[in-house]
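Undergrad: Take a look at this one; I'll ask things after.
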Amino acid sequence: MRGPAGGSGGADRPDTPHLVDSFGRVATDLRVSLTDRCNLRCTYCMPAEGLDWLPGPEVLTNAELMRLMDIAVTRLGVTEIRFTGGEPLLRKGIDDLVAGTAALRPRPRISMTTNGIGLTRRAAALRAAGLDRINVSLDTLDPERFVRITRRDRLDDVLAGLRAAHTAGLRPVKINAVLLPGVNEDEAVPLLRWCLEHDYHLRFIEQMPLDAQHGWQRDRMVTATEILERLSGGFELTPSRTPRGADPAERWLVDGGPGEVGVIASVTRSFCQACDRTRLTADGALRNCLFSQSETDLRAPLRAGASDAELADLWRATMWAKLAGHRINEAGFAQPLRPMSAIGG
Ligand code: SAM
Ligand code: SF4
């Protein structure tokens, strides 16, 4: 599935060290997938079973990852690194990776997206290593629904992990929630109320066509409009005045503030025109979009002895070829071959 970087990467690319694309966007936010493995099986992400893991030798080592992150920060202008997966807390040596990232100069902001399982043991060490912020995924407060969505009975572990992150000072703790029709769509208001009470910042994410089993259906997703209608039944929402920048979330003040809620409407109100992301998979493939059909293999040249300058130029060429948008709303849209869990959400 590894294709060429796509696009020219060539003559018309401006002479800049940064990760620019042909639509004028500049990528400064690197998402690093640390593993495609996970201890949950969320229905909108993974099948119950039968998904092959990346073979161990294909996964970048910590030293290889550090080298690529160093190139991203020192040569390409990356200012934010987010660790994700799969479940990033399953990665061995993650504290060292965070500490190594924090030692890069200029120091990037460091964040992580996790399902929260294991945070009770890890949050303080991750904070001490240099982790700045954390997003924990939580779609329901109901134990039975949690099992239905994630196929595992781990709600208590996630709630304990959230508390540990907050106590460790990883604030604001953000929560990502996906609403599914007929499963948890009625939890928009209770989830927000609970998050406000616990000082967690809630963001709803529209379900995207990125599940491994290709089961996403447009008429079976809860849209941003529906989420906002439901929230308006329990709260008064007014648009946040904070400039949105490249934040994928549209934010609203809740009952006049200071509490806020975000909605990431990737499908129905796409924000591709402001995208500042570049992505590295656990096996060293570079992607210029969650939805891109091609990727650039950095692992082979890395292992064959390519110089930092050569790897940086491959990265620039990949980003230059970024398309204007994800095309989910266009006829003929095709889901990427890799599922969300193997790209890194
Ligand atoms: N395992 C970690 C977690 O769940 O937070 C990190 C990886 S997960 C792929 C990152 C985020 O992607 C989670 O917030 C998850 O809810 C979201 N996600 C996964 N599949 C999705 C889909 N099909 N549509 C929208 N969001 C999705
Ligand atoms: Fe695992 Fe995160 Fe995917 Fe759920 S969303 S299956 S926790 S990778």
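Only the coordinates and a few stated rules stand behind these numbers; no lab work does. Computed from a predicted model, the values in this text were never measured in an experiment. We place every Cβ from the backbone using ideal geometry, glycine too, and count neighbours over all the protein chains shown.
Undergrad: Around Asn62, with a cut-off of 11 angstrom between Cβ atoms, what is the net charge of the other residues, counting Lys and Arg +1 and Asp and Glu -1?
TA: Once positives and negatives cancel, what remains is 0.
Undergrad: Once you have the Cα-Cα distance between Arg145 and Trp53, take 0.36 nm times their residue separation minus that, and quote the gain in nm to one decimal.
TA: Details: separation 92, 0.36 × 92 = 33.12 nm, distance 2.65 nm.
Additional length available on full extension: 30.5 nm.
Undergrad: Still on this structure, I have one more. Quick one: length gained pulling Glu185 to Gln335 fully straight, 0.36 nm per residue minus the C-alpha distance?
TA: Roughly 51.6 nm would be gained on extension.
Undergrad: Taking the simple approach of a point 7 Å from Cα along Cα-to-Cβ for both Arg67 and Phe271, what is their distance in nm?
TA: It is 3.5 nm.
Undergrad: For a quick check: sort Cys38, Cys272 by the number of other beta carbons within 10 angstrom, fewest at the front.
TA: The most exposed by this proxy come first: Cys272, Cys38.
Undergrad: With only Lys, Arg, Asp and Glu charged, each at its Cβ (+1 for the first two, -1 for the last two), find how big the charge dipole of the chain is about the Cα centre; round to the nearest 20 debye.
TA: 620 debye
Undergrad: Can you figure out the FRET efficiency of Thr16 with Arg218, using R₀ = 41 Å and their beta-carbon distance, to the nearest 0.05?
TA: 0.60
Undergrad: Between the stretch 135-161 and the stretch 67-102, what is the separation of their alpha carbon centroids in Å?
TA: That distance is 26 Å.
Undergrad: What share of all Cα pairs of the stretch 166-243, in percent, falls into each consecutive 10 Å distance bin?
TA: Calculated over all Cα pairs of the stretch 166-243, the distribution is 16, 44, 30, 10, 0 percent.
Undergrad: Now, a different point. Can you give me the distance in nm between label points at Val26 and Ser232, each placed 7 Å from the Cα along the Cα-to-Cβ direction?
TA: Between Val26 and Ser232, the label points sit 3.8 nm apart.
Undergrad: Along Cα→Cβ, 7 Å out, is where each label goes; now give me the distance between the ones at Thr74 and Asp153 in nm to one decimal.
TA: Inter-label distance under the simple model: 5.1 nm.
Undergrad: Nearest 10 degrees is fine. How inclined is helix 119-129 to the longest principal axis of the chain, computing both from alpha carbons?
TA: 50 degrees
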